[in-house]
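To start, the structure under review is shown below, and the notes come after it.
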Amino acid sequence: MNLALASLVFLAAASPTAPAEKTAPAIQAARLTEPVTVDGLLKEAVWQNAEAATDFKQRDPEEGVPPSQRTEVRIAFDDDALYVGARLYDTVPDSILARLARRDVSIPSDRFCIYLDPYHDRRTGYYFMVNAAGTHYDGTLYNDSWDDDSWDGVWEAKPHIDAQGWTLEMRIPFSQLRSQRGENCVWGVNFKRVIPRRNEEDYLVYQPKKGSGFVSRFPDLVGIETGRAGRSIEILPYLTTKAEYLQHKPLDPFHDGSRYEPDGGADLRMGVGSRLTLNATINPDFGQVEVDPAVVNLSDAETYFQEKRPFFVEGSSNFGCGNQGANDYWGFNWPEPTFFYSRRIGRNPQIGAPSNADFVDYPVGTSILGAAKLTGKISPTWNFGTLHALTARENADLAFGPRHSEFEVEPLTYYGVTRGLKEFKNRQQGLGAMTTMAIRSFDAPQFRDQLNRQSFMTAMDGWVFLDKSQTWVISGWSAVSRIEGSKERITSAQRNSLHYFQRPDADHVEVDANATSLTGFGSRYWLNKQKGSTFCNAALGFMTPSFDVNDVGFMTRADVINGHFGGGYKWTQPNRIRKYQDVLGAVFASYDFQGNPIWGGVWGGASTEYINNYSWSYRAAYNPQTVNNRRTRGGPLTLNRPGYELTTSFDTDSKKKLFYFVSFDDYTTESNSVDWYVSPGVEWKPVSNILVRIGPTYEHVLEDAKWLGSYADPLAAATFGRRELFAKLDQKTVSADLRLNCTFTPNLSLQLFVQPLISSGSYSDFKELARARSYDFTHYSTSGATVDEKTGMIDPDGPGPAPAFTAQNPDFGFSGNPDFNTKSLRGNAVLRWEYMPGSTLYLAWTQQRNDFENMGELDLDPSFRRLGQAKPDNIFLAKVSYYFNM
């Protein structure tokens, strides 16, 4: 156990116990004596006779004052479910904003929400929200003040607008909640009402704007009896059919331009005891409904994409590790790892097919044979989650003339994740652990030298509050990683972009060609002040050069030591101009384990929320000269010249029919590199159930020294026998996000998404690094070198003895003239109909067009013309599922 973690455990044992938060009086639940019809009319006797919660308070716009409108909420139950009846009075009922949207899609509307803490652990729970048009929202609560909308329960709610305002009824089955069981249970409960025309949010109990903690403030809900609630087993069988119309080469024996794939499977969800939930799946449908955004990545780091597959999205917060206890975690160039990145499961196969095949049918993803997860609590203070998945061997079909064969491109692989978290002394401390592993079965020889045989990660995390008021908190994590494989595989891992052990001027790392494993360590701890007008955030962390969690997690770099210290002040009392204001600043620095300062600077900014609901944020930063150990991608060190950054964003009132927003960023260095973008947008809500959003972006990058490869030459003694080629890059990118959401009923919606992207890059001023640990270059235009920019052929000393070479574009993978013009058009349409609670029909259409030219000019008219003429790939998908609750 490292020193930081040992200190955390010691402080956990020694720190004082926090006093219980003062909350509103307990809410009494009434047992039903007659059935409730969920129609929103409140006609049953219980809604007139049961005790009502009415003592709401505003959080916005004026904290702590009585609400402008009266609200009455009553809670009842029977053996199977919890019922909520709410009367939301409104003196101007014609002004109630009732807008339809797809489930969980936020849109300005009058809303009512109930928050539940069924474990009564004052840290986790659920929320169920309905707006005045009937749109449902639900999710989970964790870490006392955070929420996760990935969970979708099966429950009912119905609103009704009348002359007194609006009313609402909810039915939440006990089977959807993991909770205490028995007679006279005590839960936590809270309510929220949103009145958008007044910019008002009313709570029974709210989290102060200068405070922290939300679930811990909930009043008690008493009188609940769940002892007779039955154990629920939910089964969701489904059928899918997919039609693909894809581009193909003439005479391709595997593709004739169309393919049809029917399929089916089933998901299982059931309670294990009263505290745990088991999710399992057979032949899971892990196809994504919405496409990933198009990106042009010219860096050496992998692009991170959000998870969108329901099995992994739902309850993903159970597997979060490292950021627990505090309510805010600043980074400042700290490459925080994600210990469990679920998109590794079912990823695209990692081994390429042989290049000499005439035709290849390559799988687009790895099949998941089965997956299961168990999440919840094993005691009132023990949180637990474990996930296991098995992915199939995948083969590419090859054609060599008339001869066909198979080539394995992904091995049989097991993935496992286990997470536990223990809370102490009324949440005053917490201590958790997490393990991940990936184990592969290598039947084919090509895997042994290209993939890790197995990998493991173990992390411990936790927090400790330093005072009774829970104002100051220390939190963080420590982890160890290990990957194992053949000598060739581990050598390759040491040389990849995560590690770069081959750097010639690094005296703290070197490639060990005989190693068959790689073990690394990482740790990060924060000190956070999270109550009051002043706030503070400081952190110190490191990841050793060998740290590597990328088999199951996600990280972009190792070999880093990083720290920051920052703070600020916030004004929460409204005045005649603004509702909220903050100012903040920080200093930060990063080093590698050789002691090189690889980044640093000072940063400051502020944000303002105006009384008319407009908001504006503005930031500035200065970075002094530092060392760059990644620009040459495993080559010698270079320098980062000093730079300056300005960032701002502004948006109008999102509750209006027309909502405008814009963001701008500019980063300029003393080496005359400039990277700036502007992204305006508009959101239009012409009627209550239609939303149109248009968000174009223009980015212009002028990079003075863009790396274009490393070329062996023993004459290049100043750069360790290799010529590090650079050029000036002028890159221009135009893109847009276009969305149309049309909601016909709370259960029937249509979503359209289109993203065009055009990016061009022109290279000039070819040069090579003159010496290591500098920003000095030998410019070929003045050094006597011969450069043919059309073919990319370069002779670095003209008639001299140095060998000539052909420039490469390492980001696109071709040789010759490195200029590029890449274009894509991605879009999809999704019709979703929840034809009965928990049962859904999806109809989806996805189209993608791509075009590439070896030229560097950005000319929109011909580019859009070529994109429109490009042959599309079309995929049509239909999926129907049926919900059984037994």
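Structure data summary
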| item | result |
| --- | --- |
| Amide H partners (placed H, <5 Å) of residue 783, local residues excluded | none |
| Apportionment of accessible area to carbon and sulfur, region 27-224, percent (1.4 Å) | 45 |
| Residue 283-residue 510 FRET efficiency (beta carbon distance; Förster radius 56 Å; 0.05 resolution) | 0.75 |
| Anisotropy class of region 295-404 from Cα gyration tensor, a/c 1.5 cut | oblate |
| Calculated FRET efficiency for the pair residue 657/residue 382, C-beta based, R₀ 41 Å, to 0.05 | 0.25 |
| Under 16 Å from residue 728, Cα to Cα: lysines that are on another chain or at least 8 residues apart | 706, 767, 790 |
| Extension gain from residue 260 to residue 814, taking 0.36 nm per residue of separation minus the Cα-Cα distance | 196.0 nm |
| Phi-based couplings in Hz for region 46-59 (Karplus 6.51, -1.76, 1.60; Gly and Pro marked x) | 4, 7, 9, 9, 5, 5, 9, 8, 10, 8, 7, 9, 6, 9 |
| Added length on full extension, which subtracts the Cα-Cα distance from 0.36 nm per residue, residue 233 to residue 650 | 145.3 nm |
| Distance in nm between pseudo-label sites at residue 304 and residue 717 (7 Å out along the Cβ direction from Cα) | 4.5 |
| Distant-in-sequence amide H partners of residue 580 (H built 1.01 Å from N, under 5 Å) | 609 |
| Whole-Hz ³J(HN,Hα) from phi, Karplus 6.51 cos²θ - 1.76 cosθ + 1.60, for region 299-310, glycine and proline x | 9, 9, 9, 5, 7, 8, 10, 5, 6, 10, 7, x |
| Under Karplus coefficients 6.51, -1.76 and 1.60, residue-wise ³J(HN,Hα) of region 37-44 in Hz, glycine/proline x | 8, 7, 10, x, 8, 6, 8, 6 |
| Gain in span if fully extended, residue 575 to residue 62, counting 0.36 nm per residue against the direct Cα distance | 183.7 nm |
| Cα gyration tensor category, rounded, prolate or oblate, for region 27-224 with a/c compared to 1.5 | rounded |
| Rounded Å value of the spacing that divides the Cα centres of region 320-377 and region 72-130 | 35 |
| Partners for residue 879 among aspartates and glutamates (Cα-Cα distance below 16 Å; same-chain residues under 8 apart left out) | 244, 261, 263, 267, 285, 290, 834 |
| Region 607-668-region 423-498 distance, computed between alpha-carbon centres (Å) | 31 |
| Heavy-atom surface of the chain, accessible at 1.4 Å and reported per residue (Å²) | 42 |
| Reachable lysines from residue 531, criterion Cα separation under 18 angstrom, eight or more residues apart if same chain | 22, 209, 210, 468, 570 |
| Gyration tensor (alpha-carbon) shape descriptor, the chain, a/c threshold 1.5 | prolate |
| Mean-position separation - Cα centroids, region 728-742 and region 528-596, in angstrom | 29 |
| Mean residue ellipticity (222 nm) of the chain, computed from DSSP H runs ≥ 4 via -39,500 (n - 2.57), nearest 500 | -1000 deg cm²/dmol |
| Neighbour-limited loop hits for GluC sites (Glu not before Pro), region 402-498 (at most 14 other Cβ within 10 Å; DSSP other than H, G, I, E, B) | none |
| Local electrostatic count at residue 379 - Lys and Arg +1, Asp and Glu -1, tallied over other residues with Cβ under 14 Å | +4 |
| Estimated distance in nm for a label pair at residue 665 and residue 871, the labels positioned 7 Å out from Cα along Cα-to-Cβ | 3.8 |
| Net charge of neighbours whose Cβ lies under 11 Å from the Cβ of residue 76, counting Lys and Arg as +1 and Asp and Glu as -1 | -2 |
| Residue 406 versus residue 639: modelled label distance in nm, points set 7 Å from Cα along the beta carbon direction | 5.9 |
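The values are calculated or read from the model by the stated rules, or taken from the named source; none is laboratory data. As the structure is a computational prediction, the values presented were derived from the model and not from experiment. Heads up, the Cβs are rebuilt from the backbone with ideal geometry, glycines too, and the neighbour counts pull from every protein chain shown. In case anyone asks, the SASA skips ligands and DNA or RNA and just uses the protein heavy atoms, side chains included. Shrake-Rupley method; radii C 1.70, N 1.55, O 1.52, S 1.80 Å.
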